[in-house]
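Trainee: This structure is in structure tokens; I'll ask about it shortly.
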Amino acid sequence: MIKHACDFFYTLTILLLMASCTSKTPDKNVLITKSWGLDMKATKKNADKDKVKEATGPLGELGNALLDLLIEEVDFTFRKDKTFNVTFLTLGKGEKTGKWSIEGNTLKLKILSEGIRKDTTSFNIIKLSENQLVLKENEKDAEKIYLKPKAKE
């Protein structure tokens, strides 16, 4: 009886190991499909302090506060049908729409203007999980963009 129990647990252990080895990592196309908003806490934590100071200029803290008000209202929505929209608040409300695709670790956004392809922007995907999306534009001095899932409305 003890031998049968040992055989059972041995077999179960082997099956569990095999199952864990074959489990797939989550598909990036599935993970990204939702609405994301800027994560200002992560952005500030990881920001280059000199660049922030330079960007806000002589206004310092007031400049930071104004920048926060302008930047916090940016939403990215990636849909299953491979369309996206980005809404943002600057000195008015703006929106960009288009098609998205993921190739390896690159997120490509084809921005449309009145249904016609206008521009393509590429981002390196630094991190993509259920709780965070970190992107970096393919430019030399580009800063990382930290996003978190938007609360469902």
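Trainee: Calculate, in nm to one decimal, what Thr106 and Glu139 gain on full extension: separation in residues at 0.36 nm each, minus their alpha carbon distance.
Mentor: 10.6 nm
Trainee: Right, something else. Between Asn46 and Ser122, with labels modelled 7 Å along Cα→Cβ, what's the label distance in nm to one decimal, could you check?
Mentor: Output for this residue pair reads 2.1 nm.
Trainee: Now for a separate question. Can you figure out the FRET efficiency of Lys28 with Leu89, using R₀ = 35 Å and their beta-carbon distance, to the nearest 0.05?
Mentor: That pair, Lys28 with Leu89, gives E of 0.80.
Trainee: Another question about this same structure. For a protection proxy built on the mean count of beta-carbon atoms within 10 angstrom, sort 41-47, 133-139 highest first, please.
Mentor: Taking the mean over residues of other Cβ atoms within 10 Å, the ranking is 133-139, 41-47.
Read the figures in this text as sums done on the coordinates, not as results from a lab. Quick caveat, the model's predicted, so the values are computed rather than measured. Reconstructed Cβ throughout: ideal geometry from the backbone, glycine too, with neighbour counts over all protein chains shown.
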